[in-house]
1. As an exercise, find the ratio Rg/Rh for the stretch 6-107 from alpha-carbon atoms, using the Kirkwood inverse-distance average for Rh.
2. Nearest 5 is fine: what % of DSSP beta bridges in the chain come out antiparallel, could you say?
3. What translational D, rounded to a whole number of µm²/s, comes out for the stretch 286-425 from Stokes-Einstein when the hydrodynamic radius is the Kirkwood one over Cα pairs, at 37 °C and 0.692 mPa s?
4. Eigenvalues of the Cα gyration tensor times 5, then square-rooted: what semi-axes does that give for the stretch 305-348, in whole angstrom, largest first?
5. For the chain, give the percent of accessible area contributed by carbon and sulfur heavy atoms, probe 1.4 Å, rounded to a whole number.
6. Using only the alpha carbons, work out the radius of gyration and Dmax of the stretch 259-317 in angstrom.
7. How many percent of all Cα-Cα pairs in the stretch 214-289 sit more than 22 Å apart?
8. Hull surface divided by four, with the convex hull built on the Cα atoms of the stretch 295-377: how many nm²?
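The values are calculated or read from the model by the stated rules, or taken from the named source; none is laboratory data. Since the model is a prediction, treat every value here as computed from it, not as a measurement. Glycine also receives a Cβ, built like all others from the backbone with ideal geometry; neighbour counts cover every protein chain displayed. Note: accessible area is taken over every heavy atom of the protein model, side chains too, but ligands, DNA and RNA are not part of it. Shrake-Rupley method; radii C 1.70, N 1.55, O 1.52, S 1.80 Å.
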Amino acid sequence: LPPHDDLVIHNIRQLITSEPDLFNASDDAGRPLGIIEDACVAVSDGIIKWAGRQSDFDDSAFRDAGRIDAAGHVVLPGLVDAHTHAVFAGTREREYEMRVLGTAYMDIARQGGGINATVSAVRQASVDDLVSTGLKRLDAMVRKGTTTAEIKSGYGLSVEHEIKMLEAMRRLKEEAEVEVIPTFLGAHEFPPEYKDRRDRYVDIVCDEMIPAVAERRLAEFCDVFCEKGVFTASQSRRILSKGKDYGLKPKIHADEFAESGAALVAAEVGAVSAGHLGFASRVGLEAMREAGTVAVLLPGVSVGLGKLEFADARLMLDMGLDVAVATDFNPGSSMVDSLLVISSLACSFMKMTPAEVLLAMTKKAARAVSREAAIGSITAGKQADLVLFSIPDFRYIPYHFGGDMVRAVIKKGRVVFNRDAQEAS
Ligand SMILES: [Zn+2]
């Protein structure tokens with residue numbers, strides 16, 4: 001694959017545009033994905049200039065462009081992982097074993113494990129440590145088709161260490177092939193030193209952390225873990241409102257283990273997205289739909305925690321909510337970096353169709369990180385983030401779970417992963 005500025009990707013059997021209006025194919029199941037058959041895409045200066053039927057393509061302006069033969073396979077928009085905690089230190093495989101043997105997640109947390117185990121590891125780590133492990137994780141993600149990832153702080157839980165995590169993300173933004181979107185999550189858990197002074201910790205998040213993060217322009221979003229036993233609905237409302245005052249767009253972890261009114265808080269503060277939602281109330285989901293909050297479903301957590309309980313994706317889709325699906329990549333409950341694996345879980349266990357899942361990892365996921373104008377679909381004017389798969393049909397992605405099917409990844413018009421070149425070298 002040549003390193004040209006201009007690129008034409010031709011001989012695409014199925015071009016998944018994620019723009020339903022562009023649908024031009026024989027198989028109606030691909031309608032929501034806007035599939036174009038026998039397609040080609042032309043890219044210039046990192047931007048998609050043209051996408052459509054190959055027979056309609058006028059290549060006069062692209063005579064000198066680099067060419068990539070998609071070999072009759074499938075091309076998707078770069079995948080967007082809308083919810084991760086991919087910057088962390090230390091791993092927690094022993095806790096995983098404890099859960100396999102029957103100890104509940106919240107009990108492990110009470111015994112000093114859980115999020116606070118990662119907090120002590122992150123507090124001991126330097127920015128360099130966080131950057132070098134973060135780069136490796138992001139490199140693994142790009143090989144699986146992820147071109148954009150939202151990453152949350154929340155393992156520092158003090159002004160100093162939250163800022164340190166976000167500074168690591170700022171460097172990853174410059175150094176990684178995956179585009180990083182930073183979220184401030186100072187309200188991920190109460191640190192041990194504030195275990196019995198919870199409102200005091202909320203004061204610190206609101207009065208010290210949020211202003212410090214905003215002043216340094218380190219984050220785009222502010223998130224809260226609103227859950228029974230963690231941050232209450234009223235504490236969450238306070239934190240997210242304060243974040244908004246400082247220009248941080250609200251996100252929320254909502255109703256993961258129990259219903260705590262978090263979906264309603266999401267709607268009330270106008271959250272861009274709400275994650276988890278396994279126990280969200282119907283009235284909460286309706287309020288989210290009216291507020292335009294994207295539901296971000298995280299089925300990897302159910303697998304990581306060994307529970308066959310999943311959010312009711314069918315209900316949400318049938319209600320007309322925007323549904324995205326993400327990894328929740330984190331060292332505690334969801335140690336998975338592959339959206340491709342997640343696509344299989346979403347189909348098999350949440351009964352989303354392959355088309356709904358791929359839309360949930362592209363266009364809907366872009367909406368969940370406020371990037372829908374730039375990424376998440378393949379249409380003229382959007383950023384040229386593309387994934388070439390060596391598969392015969394889009395349904396093959398969830399069907400072959402864990403399969404090695406990504407052939408090349410293009411970010412902003414540049415080839416950032418090329419399996420063929422690696423095999424040849
Ligand atoms: Zn999370």
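1. Reported Rg/Rh (Cα atoms, Kirkwood Rh): 1.27.
2. Taking every DSSP beta bridge within the chain, about 45 percent pair in antiparallel fashion.
3. Once the numbers are plugged in, D ends up at 204 µm²/s.
4. So the equivalent ellipsoid measures 21, 12, 10 Å along its semi-axes.
5. Carbon and sulfur: 48 percent of the exposed surface of the chain.
6. Rg and Dmax of the stretch 259-317, Cα atoms, are 11.3, 33 Å.
7. When every Cα pair of the stretch 214-289 is considered, 16 percent fall beyond 22 Å.
8. Averaged projected hull area, Cα only: 5.2 nm².
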